[in-house]
Structure formats: structure tokens, C-alpha cells
Amino acid sequence: MAEPTVVDARRLLCPMPVIRLQQAIAGLAPGDEVELLSTDPGSRRDVPAWCRVHRHEVLGCEERGDGVIVTRVRVVGR
Amino acid sequence: MAKQRKAVALISGGLDSMLAARAVMEQGIHVEGINFFTGFCVEGHTHAIRRQDQHKQKRNSALWVAEQLDIPLHIVDIVEDYKDVVLNPRHGYGANLNPCLDCKVFMVDRARQWADEHGFDFIVTGEVVGQRPKSQRRETMPLIAAESGADDRLLRPLCARLLPPTLAEREGWVDRQRLYDFSGRSRKPQMALAAEFGFDEYSQPAGGCCFLTDPNYSLKLRDLWDHRPSRDYQLDDIMLLKIGRHLRPKPGFKLIVSREEGENNFLMGYRKQFVHLYCTSHPGPLVLVDGELPAEDEQLAARIVTRFGKSRDAGRADVELVRPGQPPRVLRVDTMSAADLPQSWYL
């Protein structure tokens, strides 16, 4: 299985993490996975919301010890 | 079988654009939302940064609206291109540095381009005739349509019946009689329509989503422009105007003083780019220097730093000064009394 595409949105404030994810997904195919790194607490809510309206699947969202929020997304699309 | 018509709706996160999108969805139109990030959006930033605001909603209102409507939302970064709107508004500013009319033209234009690229038939906005003094007047409605290049592909469902029929109405894609004739600043018709559509929660109506409408923010932005060789700005510049206390003791530099832990953490991310100071003998805030801090003003800057921490009444304090790429230096200074800090330095 292919490694996920890592998108680094650390230190960016919302909605930039969402925009970076959106840009990354635009170049991917259904089934591909993305690992988004962010630090804005708002991304915990915004990224899953953006995934829901686009029908992408959030595989997990967890905060690491260093404060980085890691969200794993599988590309699905409407 | 009739072709499925598609519209892109500008979604601000407020009630009007939510209702406008829903009004055309009710008529069987496929709608997708578009939202523009200018860098001046109030949206969540300061809430995300300031610890004292941690209890406040951090949701992105436009995304929330998209969820209520169950439509895809495309968020577009226009920070770079938007500079020309802010710096050179053809139609001027509103009460502050808000170029509302140029902004609307720009956003409708960008939505038109997006519609062309993605095969969408028309553009929907939540504009209402007479609702905003600068951008939503009867005279500005045709101007926005013309200058954006959208022309009659621009449909304003909430006030469509007060305006000439657009392409979508003439072609029968939407029934003009099922659109609306709202006008003026009253919010009652929108609230009634929200109830009819079953929306019982929505963002505070009518504006408040752009820092350029804020007098204090505009003052700080104008100060930035007045003290730089060029009015050009970077995203970091306009973000930092949202954070901390800003003091300009000399024309060549200003100090950005964090007000609490959340802001302190945020400003920490800028330490590699900015000259910065903090008190080492007493608890106190991180202070960034924006501009050139001459050696002869280092003591002054350090004394100002002492005013904003536990050191303020200590008499003497140690302040570390860090110039990026150089070893830190500790300055021992007399603390600054309230009387020595002129109010005129505050922006």
C-alpha cells in the first residue's frame, strides 16, 4: 500500500490547513491517503467538516505530545 | 431529459448567502459553495490564538453552512491577488479600510472564473438591495455584475424580483416567482425565511467577518503603511495586526506585546524572523520588534518590556534581547513607570 501524502500545515491558522489539504487532494485519486499535520486547534473541527462535505473519509485524528494534530484522510469524493 | 443546471454560491458563513444557496437548491439546481480567504477574515483566528477565548466557537462558519446545506465547499486562498483590492480600490474605502465594493466585484469575478473552469452555469450571492451602505445598493448591483464579468449569470435570489431577470430566470432554470424581493437593512424577512427552511441556528447576520471594517485594526494597518517604504504586505504582517498590543515609540520600529499565554505561544513562532525581547528576571510577555531597532533604542525597548510583566514595579529588571543570528544579550534596565509610557505610543 502506498505511503500517505504528508501535508505540513503546522503554524498555519485556519482555514489554511484546510486549503492545503484541499490542494493536495486535488492531485490525488480515490483511495489515496493524506496525513495532515496542523497546530491550529480549529483544524480539529474544520478538517473533518471539510471532509464531510466533500465525502472524504477521516481515518483518524489525534494530537501528538508535541502539540501537532495528525489527521489521516482517505480520498473518496462525491 | 433536461440538463442538470449548476450554480456556484458565494458562501460567507452568514445567513444571507446560506439562504440564497438554499433558495436555488429548492428549485433543483446543483449548488456548490465557494469561500475566499483574504487573510483579513475574522474567522476563528484570534479565538484559536487567545487562551482566554478558548471557550469560543472555533468553527469555520462557511464550512458549517456548507454542512447545513450538504454541499461541497471550495475554500480559495486569494491572499496575494487580494492585495491589489486592498491597496488600490477603484471605488474607495468604506468607513475604515474596507474596500467593500471592490471586494465584492473581485469575489464575484473569481467565482465566475471558477464557474467557467468547472462547467457551472451561473453564480449565486446573498446580496440584498439596500442592505449595506457601500456595496449593496441598487446602483451597485449592476456595477458588480458588469465589472466582475458575470453580467446576467449573477443571480441574487433574495432580491431577484427587484432586479431585471437574469439568465437563469429567462432560461427557466429557476422560477423567478419563487425567488424573493427583500430590500433594506431589516433582517426580519431573512429570519422568517430561515425559519421556513428549518434553519434554527446561524451566524450573526450582516457583516462582522472582515477585520478591515474594524476601526482599530484599520488604524494599525494604516500605521504599518505609513512607516514602510511600500504599502505592500505579507500574510504575516496582517496576521500580527490581530495579535497583542502594538506600541510605536519611534517611527522606525514598533513593539508587539503579547497579552496572554495563547498570544505568547503564537508569537514564539516568529522568534527566528524578528528581533525580540523578554524579561528574564521576572515573568513577562514576549515582545517582537517590527522594524529596525537601532542600538541607541535598545534600552528604551527593554524598559517598555518591563512595563508589561511582574517587573513593572521592581525598580530594576533584566531583559534579554535577541537579534536573529546573534547571541542573546541581557540588558539591565530601570523599569518603566506608567507615567513614562505615553498613551500616544499605543496603536
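All of the numbers you see were taken from the coordinates with simple rules; none came from a lab. Every value quoted in this text rests on a predicted model; they were computed, and no experiment measured them. All Cβ positions, even for glycine, are placed from backbone atoms using ideal geometry, and neighbour counts span all protein chains on display.
Across the protein assembly as shown, Cα-Cα distances exceeding 36 Å account for 35% of all pairs.
Here the label points at B:Lys272 and A:Val6, each 7 Å from Cα along the C-beta direction, are separated by 1.6 nm in the simple model.
For peptide A:40-48, compute the average count of partner chain beta-carbon atoms within 10 Å of each residue's beta-carbon. Don't jump to the answer; show the numbers that get you there.
Working: counts 6, 7, 10, 4, 1, 7, 10, 2, 1.
The mean count of partner-chain Cβ atoms within 10 Å per residue comes to 5.
Over every pair of different alpha-carbon atoms in region A:5-74, take the mean of 1/r and invert it; report that Kirkwood radius in Å. Computed over region A:5-74, the radius equals 11.6 Å. Between B:Trp114 and B:Asp334, the contour length at 0.36 nm per residue exceeds the alpha carbon distance by 73.3 nm. Could you tell me which of the pairs B:Lys83/B:Lys242; B:Lys220/B:Lys310; B:Lys83/B:Lys104; B:Lys83/B:Lys220; B:Lys250/B:Lys310; B:Lys242/B:Lys272 are separated by over 22 angstrom between their Cα atoms in the structure shown? From the list (B:Lys83/B:Lys242; B:Lys220/B:Lys310; B:Lys83/B:Lys104; B:Lys83/B:Lys220; B:Lys250/B:Lys310; B:Lys242/B:Lys272), the Cα-Cα distance tops 22 Å for B:Lys220/B:Lys310; B:Lys250/B:Lys310.
Using R0 = 60 Å, the C-beta based FRET efficiency linking A:Arg64 and B:Gln27 works out to 0.80. Scoring B:229-235, B:193-199, B:15-21, A:41-47 by mean Cβ neighbours within 10 Å over their residues and listing the highest first yields B:15-21, A:41-47, B:193-199, B:229-235. Diffusion coefficient of chain B by Stokes-Einstein, Kirkwood radius over Cα pairs, 4 °C, 1.567 mPa s: 58 µm²/s.
Its residue count N fixes a reference of 2.2 N^0.38 Å for region B:243-345, and the Cα radius of gyration divided by that reference is 0.96.
Measuring from centroid to centroid over Cα atoms, what is the spacing of region B:195-247 and region B:284-310 in Å? Taking the Cα centre of region B:284-310 as reference, the centre of region B:195-247 is 25 Å away.
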